[in-house]
1. Please list, ordered by first then second residue, the pairs with beta carbon atoms under 6 Å, 6 or more apart or interchain, first in region 42-61 and of a type outside the set (K, R), second open to solvent by 50 Å² or more (accessible area, probe 1.4 Å) and at pLDDT 95 or above.
2. What pairs can you find where one residue is in region 140-157 and among the β-branched types (V, I, T), the other is in a helix (DSSP H, G or I) and surrounded by 24 or more Cβ atoms within 10 Å (Cβ to Cβ), and their Cβ atoms are less than 9 Å apart, with a gap of 6+ or different chains?
3. Would it be correct to say that H9 is under 27 Å from V163 (Cα atoms) and within 15 Å of the ligand (Cβ to nearest atom)?
4. For the structure I just gave you, tell me whether L39 is buried (at least 23 other Cβ atoms within 10 Å of the Cβ) and over 19 Å from A146 (Cβ atoms).
5. Any idea which of (1) surrounded by 14 or more Cβ atoms within 10 Å (Cβ to Cβ); (2) within 9 Å of the ligand (Cβ to nearest atom) is the one G47 doesn't satisfy?
6. Please work out which one of (1) β-branched (V, I, T); (2) touching a Lys or Arg at 6+ places or on another chain (Cβ under 7 Å); (3) surrounded by fewer than 18 Cβ atoms within 10 Å (Cβ to Cβ) is the condition V167 fails and give its number.
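The values are calculated or read from the model by the stated rules, or taken from the named source; none is laboratory data. Here the structure is a predicted model, which means the values were calculated and not measured. Methodologically, a virtual Cβ is constructed for each residue, glycine included, from the backbone with ideal geometry; neighbour enumeration extends over all protein chains shown. Just so you know, the surface numbers come from the protein's heavy atoms only, side chains and all, with ligands and any DNA or RNA stripped out. Shrake-Rupley method; radii C 1.70, N 1.55, O 1.52, S 1.80 Å.
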Amino acid sequence: MSDPFHSYHDYLDSRVRLFVGDLTEHAVDAIVNAANSTLLGGGGVDGAIHRCGGPAILEACRHLRHTRWPDGLPTGQVAVTTGGRLAAPLVIHTVGPIWGQHHGSEASLLADCYRNAIALAADRCLSRIAFPAISTGVYGYPAPEAAAVASKAIADALARHAVIKEVRLVFHTPEQMAIFAAHQQFGS
Ligand code: APR
């Protein structure tokens, strides 16, 4: 699997497409960042986005902290910034749940990340967005469970927001994509 822009699985009449590669390379209307509540960067996807997007993203995140989110972005919430030098002009930052830290509400908080990001994109009339596998890295959310939660939340959100024409799910490795494909609940 060498082609980063070859979609290996499609769902919901191809409104959802799975990819393997680097999220930061996808030229969609917005990519979604698996951030932390500080919005001031980190490792994983967050680190890659800030590294590739450049300082304009961090500057915009700092502005968010000084204005709308002085105490940080709550888990499940979303905030949008410039994409800086990224192929995508916008970044939708969201904070996924940390597995085992939310007294059993991890699934609903993870669903909020996907639902709120799609709603924000729709509000801005964006039609193509790309997600990483939120919370399945540092935040320890088991990938099979995350696949079921994310796919149901995405299907629900796409039923509400016809303006969204394409949701890309970008996995870092073929193995991670295979786990998602085996546990997704899109119905096909
Ligand atoms: N493109 C696509 N997927 C990626 C990339 C990338 N460039 N880098 C990492 N991933 C994958 C990981 O393999 C994992 O499957 O994204 C998924 C999410 O992993 P994390 O980035 O660790 O995000 P998360 O588990 O939500 O933890 C968030 O980690 O990086 C910090 O600042 C971030 O504190 C926050 C925490």
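1. G44/G137; G44/V138; G53/R85; G54/R85; A56/T82; A60/T82
2. V149/E106; V149/L110; V149/Y114; I154/Y114; I154/I118
3. Numbers: under 27 Å from V163 (Cα atoms): yes; within 15 Å of the ligand (Cβ to nearest atom): no.
No, not satisfied.
4. Numbers: buried (at least 23 other Cβ atoms within 10 Å of the Cβ): yes; over 19 Å from A146 (Cβ atoms): yes.
Spelling it out, L39 is indeed buried (at least 23 other Cβ atoms within 10 Å of the Cβ) and over 19 Å from A146 (Cβ atoms).
5. Going through the list (1) surrounded by 14 or more Cβ atoms within 10 Å (Cβ to Cβ); (2) within 9 Å of the ligand (Cβ to nearest atom), G47 breaks only (1).
6. All conditions are met except number (3).
The rows are residues; the columns are (1) in contact with a Cys (Cβ under 7 Å, 6 or more places away or on another chain); (2) within 21 Å of Q184 (Cα to Cα).
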position: I31; (1), (2): no, yes
position: L40; (1), (2): yes, no
position: G43; (1), (2): no, no
position: A87; (1), (2): no, no
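Each row is one residue, and each column tells you yes or no for (1) open to solvent by 40 Å² or more (accessible area, probe 1.4 Å); (2) within 13 Å of the ligand (Cβ to nearest atom); (3) within 18 Å of the chain's Cα centre (by Cα); (4) not charged (D, E, K, R).
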site: G43; (1), (2), (3), (4): yes, yes, yes, yes
site: R51; (1), (2), (3), (4): yes, yes, yes, no
site: P55; (1), (2), (3), (4): yes, no, no, yes
site: L58; (1), (2), (3), (4): yes, yes, yes, yes
site: H66; (1), (2), (3), (4): yes, no, no, yes
site: Q77; (1), (2), (3), (4): yes, no, yes, yes
site: A87; (1), (2), (3), (4): yes, yes, yes, yes
